[in-house]
1. Among the strands (runs of 3 or more DSSP E) lying completely within the stretch 55-129, list those that include at least 3 residues that are touching a His at 6+ places or on another chain (Cβ under 9 Å).
2. Residues of the stretch 87-131 being of a type in the set (D, E, K, R), surrounded by 12 or more Cβ atoms within 10 Å (Cβ to Cβ) and over 21 Å from A51 (Cβ atoms), which ones?
3. Exactly one condition in (1) within 21 Å of L6 (Cα to Cα); (2) crowded, with 16+ Cβ neighbours inside 10 Å is false for A74; which is it?
4. Do you know which of the residues in the stretch 2-39 that are out of contact with any helix residue (DSSP H, G or I) (no Cβ under 7 Å at 6 or more places or on another chain) and within 20 Å of V119 (Cβ to Cβ) is surrounded by the most Cβ atoms within 10 Å (Cβ to Cβ)?
5. Tally up the residues in the stretch 15-53 that are free of Cβ contacts under 8 Å to residues at least 12 places away in the same chain, assigned to a helix (DSSP H, G or I) and within 15 Å of the chain's Cα centre (by Cα), please.
6. Failed condition for L91, given (1) modelled with pLDDT under 95; (2) touching a strand residue (DSSP E or B) at 6+ places or on another chain (Cβ under 6 Å), with all others met?
7. Can you tell me which residue in the stretch 42-60 is farthest from S82 (Cα to Cα), limited to those that are crowded, with 16+ Cβ neighbours inside 10 Å and touching a strand residue (DSSP E or B) at 6+ places or on another chain (Cβ under 7 Å)?
8. Report, by residue number, each residue of the stretch 67-89 that is within 23 Å of V124 (Cβ to Cβ) and touching a residue at least 24 places away in the same chain (Cβ under 8 Å).
Amino acid sequence: MPETRLAGLYRAYIGCLNSQDWENLGTYVGQDVRYNGEMVGLDGYRQAREAEFRAIPDLHFDVQILIADETTVASRLNFNISPQGTFLGLLVNGRRISFSENVFYEFAEGKIASVWSIVDKAAVEAQLSAA
């Protein structure tokens with residue numbers, strides 16, 4: 001089945017994040033973007049993503065599942081990272097952890113307008129307690 005236009009746009013957005021191309025983030029994310037119900041705006045969204053890359057030098061968004069229709073994208077992202085200090089309120093201190101994020105994006109006028117994210121914190125907790 002051919003990829004929808006929105007799925008291709010989403011993959012380009014993930015490429016923008018992975019290359020830390022912050023100047024072009026507005027190509028994919030709307031000015032009035034909301035994150036988990038909170039209005040953060042493009043500047044706040046960008047600042048949050050930049051902070052993630054500072055705290056997690058090896059951060060890489062790996063799309064495992066991608067489903068898209070005309071206005072919505074559902075994606076399962078996998079991560080295998082080494083956060084510095086704390087992550088999700090847990091003391092990680094550079095240990096390598098693996099987990100998934102289930103995330104839903106609503107698009108308006110060709111840009112991300114709303115993001116709903118659920119991170120598998122239980123998977124991270126289990127890895128930290130096993131050490």
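The values are calculated or read from the model by the stated rules, or taken from the named source; none is laboratory data. Fair warning: this is a prediction, and the values are worked out from it, not measured in the lab. Here the Cβ is made from the backbone with ideal geometry for all residues, glycine too, and neighbour counts use every protein chain on show.
1. On the way: elements: 62-68, 72-81, 97-108, 111-119.
Per the criteria, 72-81.
2. If the condition is that a residue be of a type in the set (D, E, K, R), surrounded by 12 or more Cβ atoms within 10 Å (Cβ to Cβ) and over 21 Å from A51 (Cβ atoms), then E106, K111, E125 are the ones that fit.
3. Result: A74 fails condition (2) only.
4. Y10
5. 5
6. Of everything listed in (1) modelled with pLDDT under 95; (2) touching a strand residue (DSSP E or B) at 6+ places or on another chain (Cβ under 6 Å), L91 misses just condition (2).
7. Ranking the candidates gives L42 first.
8. Residues satisfying the conditions are A74, S75, R76, L77, I81, S82, P83, Q84, G85, F87, L88.
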